[in-house]
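Notes for the one structure printed next.
Values in this text are rule-based calculations from the coordinates and carry no lab data. What you see is a predicted model; the values in this text were computed from it and never measured. Counting neighbours? That spans all protein chains shown, and the Cβs are built from the backbone with ideal geometry, glycine included.
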Amino acid sequence: MGSYNVLEPILKDILGMLNPLREDWETRMKVISDLREVVESVESLRGATVEPFGSFVSNLFSRWGDLDISIELSNGSCISSAGKKVKQSLLGDLLRALRQKGGYRRLQFVAHARVPILKFETIHQNISCDISIDNLCGQIKSKFLFWISQIDGRFRDMVLLVKEWAKAHDINNPKTGTFNSYSLSLLVLFHFQTCVPAILPPLKDIYPGNLVDDLKGVRANAERQIAEICAFNIARFSSDKYRKINRSSLAHLFVSFLEKVFIPVMFFLLIFAGNAKCSLDESRMLLYSLMFL
């Protein structure tokens, strides 16, 4: 218990540095507004909307977090998605418009990825952005994480801490085969679902269907129905007076998360790296030594 008492204020101080300030929100809103002006100037994107998603929408971003943006094409009120070649062409048009306008650097068009993406960094705000086309699935998943975070504030705190810890140890970079931020958020979610007593419910208790499959028809109706079902089930879970409450400190949750998730991962990584004599206890000690580097 004593070590947790020492760790708790340290984690709180780290959160104080990670939590975005008002100007961090305003800066990202300015980036979105500027991008809207550029999109409106592109003939092939006329009528499209610029909509953020990812950690900015789920409120799981730090002061230094990047910005994920989807350009939703105009197709009346119905949900649809352009083909890959169309997305590549449209992002190419946007790339040329951004270069012409100026104010952006490190422009990179990842055309042949499974989901074509245009990457850049704003010169004045130093915000890294990933732009995709018709990424409605990403938007609804981001909202879903936001709704979940409203159940217990420790979920958001843990996601920020775990992402920062992973980044400090170079395991928060999908380009190198490690975790992306969404995967880390899901691992924290798993941890909160499997604590005793559980802090968060199974996802099927929040939304029994398939979010992606149910995004069809009129967009406003589909999104409203999903939001209403989730809100009802979250309220029911939160108001259950017979539910056992988990009052674990942030320090306890953080350490138990590393024990539950990353010690087994490191153990198998060491085995595959050729250290067949490495024991689970040795991998545990290695992880503890990394925790405070």
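Please give the FRET efficiency for Lys204 paired with Ser249, using the beta carbon to beta carbon distance and R0 = 22 Å, rounded to the nearest 0.05.
Numbers: r = 29 Å, r/R0 = 1.31.
Efficiency for this residue pair is about 0.15.
Per DSSP helix of 4 or more residues, -39500 (n - 2.57); summed, then divided by the residues of the chain. What does that give at 222 nm, rounded to the nearest 500?
Details: 12 runs with 156 residues, N = 293.
Helix-only estimate at 222 nm: -17000 deg cm²/dmol.
Please report, in whole Å³, the volume per residue of the convex hull around the C-alpha atoms of region 20-135. Numbers along the way, then the final one.
Numbers: hull volume 12.0 nm³, N = 116.
Taking the convex hull of the Cα positions in region 20-135, it is 103 Å³ per residue.
Could I get the Rg over Rh figure for region 200-257? Both from C-alpha atoms, Rh via Kirkwood, rounded to two places. Please list the in-between numbers first.
On the way: Rg = 15.5 Å, Rh = 13.7 Å.
Over the Cα atoms of region 200-257, Rg/Rh equals 1.13.
Running Debye on the chain with equal point scatterers at the Cα sites and no solvent, what base-10 log of I(q)/I(0) appears at q = 0.14, 0.16 Å⁻¹?
Once normalised to I(0) and log-transformed, intensities are -1.16, -1.36.
In nm, what is the difference between 0.36 nm times the number of residues separating Ser256 and His169 and their Cα-Cα distance? Walk me through the intermediate numbers first.
Working: separation 87, 0.36 × 87 = 31.32 nm, distance 1.81 nm.
Fully extending the segment from Ser256 to His169 adds 29.5 nm.
For the chain, with only Lys/Arg (+1) and Asp/Glu (-1) charged at the beta-carbon, what is the dipole magnitude about the Cα centre, in debye rounded to 20? Walk me through the intermediate numbers first.
Numbers: 36 positive and 30 negative charges, 59 e Å.
Dipole magnitude for the chain comes out near 280 debye.
Under the Karplus relation 6.51 cos²θ - 1.76 cosθ + 1.60, θ = phi - 60°, what is the ordered set of whole-Hz ³J(HN,Hα) values for region 141-147, x standing for Gly and Pro?
Per-residue couplings from phi come out as 5, 5, 5, 4, 5, 5, 4 Hz.
Compactness ratio of region 157-238: Cα Rg over 2.2 N^0.38 Å, N = residue count?
Numbers: Rg = 15.9 Å, N = 82, 2.2 N^0.38 = 11.7 Å.
Normalised by 2.2 N^0.38 Å, the Cα Rg of region 157-238 equals 1.35.
Ignoring chymotrypsin sites (Phe, Trp or Tyr not before Pro) that are buried or in helix or strand per DSSP, and keeping those with at most 14 other beta carbon atoms within 10 Å, what is the longest stretch of the chain between them? Working shown, then result.
Working: sites that count: Trp64, Tyr242, Phe292.
Answer - 65-241.
List the lysines whose Cα sits under 26 Å from the Cα of Lys204, skipping any in the same chain fewer than 8 residues away.
Lys141, Lys143, Lys163, Lys216, Lys241, Lys244, Lys260
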